[in-house]
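I have a structure I would like to understand better, so I am pasting it below and will then ask my questions one at a time.
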There are 2 protein chains.
Amino acid sequence: MANYLAMSSEELVEEQQKLRVEYQTYKNMGLNLNMDRGKPCTEQLDLSKEMLKMDNYIGEDGFDARNYGVLEGMPEARRFFAELLNADMEEVIVGGNSSLQLMYYLIDLGWRQGFVDSPRPWRHYNALKFLCPVPGYDRHFRITEYFGFQMINIPMTENGPDMDMVEALVQKDESIKGMWCVPVYSNPDGYCYSAETVRRLARMKTAAPDFKIIWDNAYVVHHLTDEQIEIPALLYECQKAGNPERPLTFCSTSKITYPGAGVAALAASERNIRYILKNMMPMIISFDKMNQLRHVQYLKNKEGVLAHMRKHRAILEPKFNLVKQTFAEQLSPCGDIAHWTDPKGGYFISLYLMEGCAKRTVQLCKDAGVTLTGAGAAYPYGLDPKDSHLRIAPTYPSLQELETASQLLTLCARLATIEVLLKNR
Amino acid sequence: MANYLAMSSEELVEEQQKLRVEYQTYKNMGLNLNMDRGKPCTEQLDLSKEMLKMDNYIGEDGFDARNYGVLEGMPEARRFFAELLNADMEEVIVGGNSSLQLMYYLIDLGWRQGFVDSPRPWRHYNALKFLCPVPGYDRHFRITEYFGFQMINIPMTENGPDMDMVEALVQKDESIKGMWCVPVYSNPDGYCYSAETVRRLARMKTAAPDFKIIWDNAYVVHHLTDEQIEIPALLYECQKAGNPERPLTFCSTSKITYPGAGVAALAASERNIRYILKNMMPMIISFDKMNQLRHVQYLKNKEGVLAHMRKHRAILEPKFNLVKQTFAEQLSPCGDIAHWTDPKGGYFISLYLMEGCAKRTVQLCKDAGVTLTGAGAAYPYGLDPKDSHLRIAPTYPSLQELETASQLLTLCARLATIEVLLKNR
């Protein structure tokens, strides 16, 4: 291996032929591996099995969680999530198994009917726009696409979205109704918003009086190092800045206990919460409060959650290290053909290849039996303008599978890079 | 006691004074009883505690229910609900803990976007109407009220809604987009739709090409006698009549296992199901499949459900009998001042008083510490045109509480009747 960028065409072709032989070896292995989604592995799911033995379904106030009622969630569950979300318990609604469904519900509510600070429902505007830090979470973008928003890419930096760009856009365009954010260990880069970014988001002037920040704190306790990064509470910062109705903040236990059967929660200003509950009333009598109690009894509080998350870290850290080490060994020697993020938490690593290499790499992997997240998936409409980004999800495969998959991935990336380099000669 | 209708004014006043003394005795008891909602009692909730010990979360096809995925529900859960809903498993989506939320979702979907057979989204019509058999379920009516439908009362009969009226309305008015139905042991009368009613609903010509029947089979297995009434499957009848996309049918285990933490399901034509799943995709990754498996492992199949429901019946039948007996003892001797339904299943009894007596009866009960369902609650907008209907929910209180509450209720009803009779003299 040597610096691809310094190679002559002949040398590149020689390298290509060598790699093709290697690639054929992988193909002959008949692999069937999946690094597509950020799913916990079986070992992680097993961590929470004691929770299922909880069997007290009477709440602290004597209410029987098995029966109808208490739409806002059991009080101990509201307090539990208030601590995770840096909010007061009156600012919290504890929902069902999906924070995504809560976010969808709120986008739907704004669109159909508006919020407490809306001059009119969003659907009554001729144009609707939403800011999307990129790369980001495909399922966020899909919601706003579904509701017909024009999505505007905002480049991510290590400190969060490009705030100069955000501020410039929102202060002049009333049709920009909100912004998606994964503020801690962002999906997929693993970046954390700086205190400065949080404060600028809270303070910025927005042309839309009902601008909403969807603050998806999906990875708020999902640390992979001893650092345990915490950032300022957006709810509090917005309140201080005089924009209390701006933030809608979320988290869930999907990647703490069970992705299919966790508990999701929403925190916002008390005024927002009252308005949301009033609108939820015709929709549902109550969420699954038995599951809420199960979770609170088992995890207890934030300290209990952090202790539980250390067990996840013990499983995940070696996987992240393996991937980064393979990238370093297999890609760094080839020169400046790729860089990747070094997340201190969360579920993903971003791998950035040379322009035009991402789709081809995914295809080559697929042809050899390894499914990656589709190239472009982390961008609105699935369109990565540079076709350079890959979202790497190291959590689900076993270490051994991950080793094979990472080796193949770097091999495919190098093949794709050589093709692009040769084509551009 | 004698026939109130044959009494002179003096006799009525004398009776009134006697009853007022009795009423004061109740007031002095400082009661605090609730017959407001159709909630299962604690004894019923305890019936399902073995279910919580189920601990296999790997589905029959090897899929780990603890992880993300399988939006349509676990295959064994689809098959389970297909049997309850008289459908094929491909016609079923198994959801979360609330069938009401599924119904809300579908009204929202029709309103926002329309169905497979909609010329345009419902919101694009100048007028939107929905048929509401009355008395009916307040939470149904609240959904269509929330979405701005004009609701049209359809009188209920022992065989279901007045079909002459339904047919006449739907065939001439394109803005009538659907109809709420609780076909078996209707809420609150406990009536069952006849085979003829089901077939007329399936066959009738509707001006709206996308007319939808919301078929809430909430009490499909909630028998209180040996008769176990079954009615023709609407899905099948609609298919046979060439209107396969008309029905959206629902049931849940809310009143089989846990009201707060059961499993809800939807059955409709495969074409509808595909369309609904496509639209649900941006909203949620998957419902709580662990709870789905827990239920299926415990209840097994319809036969298992029916065996479980016999335990509910053993608790509920004496409660229904007590109420009906009290009505017979305390109201029948007073002449034709009231009649009530004699449900063979479900959760409610309808008590019909003389015109103008319902609200007053509820108020009198409340003043003496017994909360009933608000008068008018079973009618759209909470307006009972005759102010005569009371929904009686005998399930939640203990037998002893129910005895006191029923006695007080009949006393209040007689007081209210006398007031009306005297006023009309």
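Given the residues B:PRO394, B:PRO385, which is the only one that is part of a loop (DSSP other than H, G, I, E, B), under 17 Å from the mean Cα position of the chain (by Cα) and either in contact (Cβ under 8 Å) with a residue 40 or more places away in the chain or closer than 24 Å to B:ALA2 by Cβ (or both)? Lay out the reasoning, then the answer.
Details: B:PRO385 fails: under 17 Å from the mean Cα position of the chain (by Cα).
Result: B:PRO394 is the single residue among B:PRO394, B:PRO385 that is part of a loop (DSSP other than H, G, I, E, B), under 17 Å from the mean Cα position of the chain (by Cα) and either in contact (Cβ under 8 Å) with a residue 40 or more places away in the chain or closer than 24 Å to B:ALA2 by Cβ (or both).
Results for (1) surrounded by fewer than 16 Cβ atoms within 10 Å (Cβ to Cβ); (2) within 14 Å of another protein chain (Cβ to nearest Cβ); (3) touching a Pro at 6+ places or on another chain (Cβ under 8 Å), shown as yes or no for each residue.
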residue	(1), (2), (3)
B:SER269	no, no, yes
B:ASN301	yes, no, no
B:LYS324	no, no, no
B:HIS339	yes, no, no
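Return yes when A:TYR104 is closer than 22 Å to A:TYR193 by Cβ and among the hydroxyl-bearing types (Ser, Thr, Tyr) and no when it is not. Explain how you work it out, then say what you get.
Numbers: closer than 22 Å to A:TYR193 by Cβ: no; among the hydroxyl-bearing types (Ser, Thr, Tyr): yes.
No; evaluated as a whole, the condition is false for this residue.
Let me ask another. Here is a list of conditions, (1) surrounded by fewer than 18 Cβ atoms within 10 Å (Cβ to Cβ); (2) farther than 18 Å from A:LYS344 by Cα, and A:THR197 meets all of them except one; can you say which number that is?
Failing condition for A:THR197: (1).
Could you please tell me which pairs satisfy a Cβ distance under 8 Å, a separation of 6+ or placement on different chains, a first residue in segment B:29-58 that is in contact (Cβ under 8 Å) with a residue 24 or more places away in the chain and over 20 Å from B:TYR396 (Cβ atoms), and a second residue that is part of a loop (DSSP other than H, G, I, E, B) and of a type outside the set (Asp, Glu)?
Every condition considered, the pairs that remain are B:MET51/B:THR257; B:TYR57/B:ALA65; B:TYR57/B:ARG66.
How many residues are within 12 Å of chain A (Cβ to nearest Cβ) and either closer than 21 Å to B:GLU72 by Cβ or crowded, with 23+ Cβ neighbours inside 10 Å (or both) when one looks only at segment B:113-123?
1
So, one more: Restricting attention to segment A:238-267, report how many residues are within 14 Å of another protein chain (Cβ to nearest Cβ) and under 13 Å from A:ILE214 (Cα atoms).
The qualifying residues number 1.
Right, here's the next one. Within segment B:374-395, track down each residue that is in contact with a helix residue (DSSP H, G or I) (Cβ under 7 Å, 6 or more places away or on another chain) and not hydroxyl-bearing (Ser, Thr, Tyr).
Of all residues in segment B:374-395, those in contact with a helix residue (DSSP H, G or I) (Cβ under 7 Å, 6 or more places away or on another chain) come to B:374-378, B:380-381, B:384, B:387-390, B:392, B:394-395.
Matches in segment B:374-395: B:GLY374, B:ALA375, B:GLY376, B:ALA377, B:ALA378, B:PRO380, B:ASP384, B:ASP387, B:HIS389, B:LEU390, B:ILE392, B:PRO394.
So the check is Cβ under 6 Å with 6+ separation or different chains; which pairs have a first residue in segment A:275-296 that's more than 7 Å from every other protein chain (Cβ to nearest Cβ) and a second one that's assigned to a helix (DSSP H, G or I) and of a type in the set (Phe, Trp, Tyr)?
Short answer, once both residue conditions are applied: A:VAL296/A:PHE80.
Which condition does B:PHE250 not pass, out of (1) farther than 30 Å from A:ARG294 by Cβ; (2) touching a residue at least 24 places away in the same chain (Cβ under 8 Å), if it passes all the others?
(1)
Okay, next question. Out of (1) closer than 19 Å to B:LEU106 by Cα; (2) under 20 Å from the mean Cα position of the chain (by Cα); (3) away from chain A (no Cβ under 14 Å), the odd one out for B:ILE229 is which?
It is condition (1) that B:ILE229 fails.
Quick one: would you say B:ILE337 is hydrophobic (A, V, I, L, M, F, W, C) and closer than 27 Å to B:ASP226 by Cα?
In short, no.
Among the residues of segment A:151-193, which ones are buried (at least 22 other Cβ atoms within 10 Å of the Cβ) and among the acidic types (Asp, Glu)?
Listed by number, the list holds a single entry, A:ASP189.
From the set of residues in segment A:97-107 that are touching a helix residue (DSSP H, G or I) at 6+ places or on another chain (Cβ under 8 Å) and at the interface with chain B (Cβ under 10 Å from one of its Cβ atoms), which is surrounded by the most Cβ atoms within 10 Å (Cβ to Cβ)? Working first, answer last.
Looking only at segment A:97-107, we keep the residues that are touching a helix residue (DSSP H, G or I) at 6+ places or on another chain (Cβ under 8 Å), and these are A:97, A:100, A:103-107.
Checking the rest, the ones that are also at the interface with chain B (Cβ under 10 Å from one of its Cβ atoms) come to A:97, A:100, A:103-105, A:107.
Numbers: A:ASN97: 29, A:LEU100: 23, A:MET103: 23, A:TYR104: 22, A:TYR105: 23, A:ILE107: 26.
Per the stated criteria, the residue is A:ASN97.
May I pose another question? If I go through segment B:49-69 residue by residue, how many of them are polar (S, T, N, Q) and within 9 Å of chain A (Cβ to nearest Cβ)?
Selection size over segment B:49-69: 1.
More than 11 Å from chain B (Cβ to nearest Cβ), in contact with a Gly (Cβ under 9 Å, 6 or more places away or on another chain), of a type outside the set (A, V, I, L, M) and touching a residue at least 12 places away in the same chain (Cβ under 8 Å) - does that describe any residue in segment A:81-96?
Taking every residue of segment A:81-96 in turn, at least one turns out to be more than 11 Å from chain B (Cβ to nearest Cβ), in contact with a Gly (Cβ under 9 Å, 6 or more places away or on another chain), of a type outside the set (A, V, I, L, M) and touching a residue at least 12 places away in the same chain (Cβ under 8 Å).
Could you list, in sequence order, the residues of segment B:297-309 that are part of a helix (DSSP H, G or I) and in contact (Cβ under 8 Å) with a residue 12 or more places away in the chain? Lay out the reasoning, then the answer.
Kept after step one, since they are part of a helix (DSSP H, G or I), are these residues of segment B:297-309: B:297-299, B:302-309.
Of everything in segment B:297-309, those that are part of a helix (DSSP H, G or I) and in contact (Cβ under 8 Å) with a residue 12 or more places away in the chain turn out to be B:GLN297, B:TYR298, B:LEU299, B:LYS302, B:VAL305, B:LEU306, B:HIS308, B:MET309.
Which is surrounded by fewer than 19 Cβ atoms within 10 Å (Cβ to Cβ) and modelled with pLDDT under 95, of B:MET7, B:MET54, B:MET35?
B:MET54
Residues in segment B:150-172: is at least one closer than 17 Å to B:PRO380 by Cα and basic (Lys, Arg)?
Looking for residues that are closer than 17 Å to B:PRO380 by Cα and basic (Lys, Arg), one finds none in segment B:150-172, hence no.
Also, I was wondering about something else. Could you list, in sequence order, all residues of segment B:37-68 that are of a type in the set (S, T, N, Q) and touching a helix residue (DSSP H, G or I) at 6+ places or on another chain (Cβ under 6 Å)?
Scanning segment B:37-68 gives a single hit, B:GLN44.
While we're looking at this one, here's another question. Could you list, in sequence order, all residues of segment B:36-48 that are more than 8 Å from every other protein chain (Cβ to nearest Cβ) and of a type in the set (Lys, Arg)?
none
Of everything in segment B:65-89 that's more than 27 Å from the chain's Cα centre (by Cα) and small (Gly, Ala, Ser), which residue is surrounded by the fewest Cβ atoms within 10 Å (Cβ to Cβ)?
Once the filter is applied, the top-ranked residue is B:GLY69.
Any residue that is more than 19 Å from the chain's Cα centre (by Cα), modelled with pLDDT of 95 or more and outside any loop (DSSP other than H, G, I, E, B) - is there at least one of those in segment B:205-219?
no
State yes or no: is A:LEU235 more than 14 Å from every other protein chain (Cβ to nearest Cβ), in a helix (DSSP H, G or I) and crowded, with 18+ Cβ neighbours inside 10 Å?
The answer is yes for A:LEU235.
Please specify each residue of segment B:266-288 satisfying the condition of being aromatic (Phe, Trp, Tyr) and within 17 Å of B:ARG112 (Cβ to Cβ).
Matches in segment B:266-288: B:TYR275 only.
Further question on the same structure: Kindly list, by first and then second residue, each pair from a residue in segment A:121-135 that is under 19 Å from A:LEU109 (Cβ atoms) to a residue that is surrounded by fewer than 24 Cβ atoms within 10 Å (Cβ to Cβ) and of a type in the set (Ser, Thr, Tyr), limited to pairs with Cβ atoms under 8 Å and residues at least 6 apart or on different chains.
Here the result reads A:TYR125/A:SER175; A:LEU128/A:SER175; A:LYS129/A:SER175, each pair linking segment A:121-135 to a residue that is surrounded by fewer than 24 Cβ atoms within 10 Å (Cβ to Cβ) and of a type in the set (Ser, Thr, Tyr).
Is one or more of the residues making up segment A:59-67 of a type in the set (S, T, N, Q), in the same structural domain as A:ALA87 (by TED's automatic domain parsing) and modelled with pLDDT of 95 or more?
The answer is yes; a qualifying residue exists.
The values are calculated or read from the model by the stated rules, or taken from the named source; none is laboratory data. Quick caveat, the model's predicted, so the values are computed rather than measured. Because the Cβ atoms are built from the backbone with ideal geometry, glycine has one as well, and the counts that use them run over all protein chains shown.
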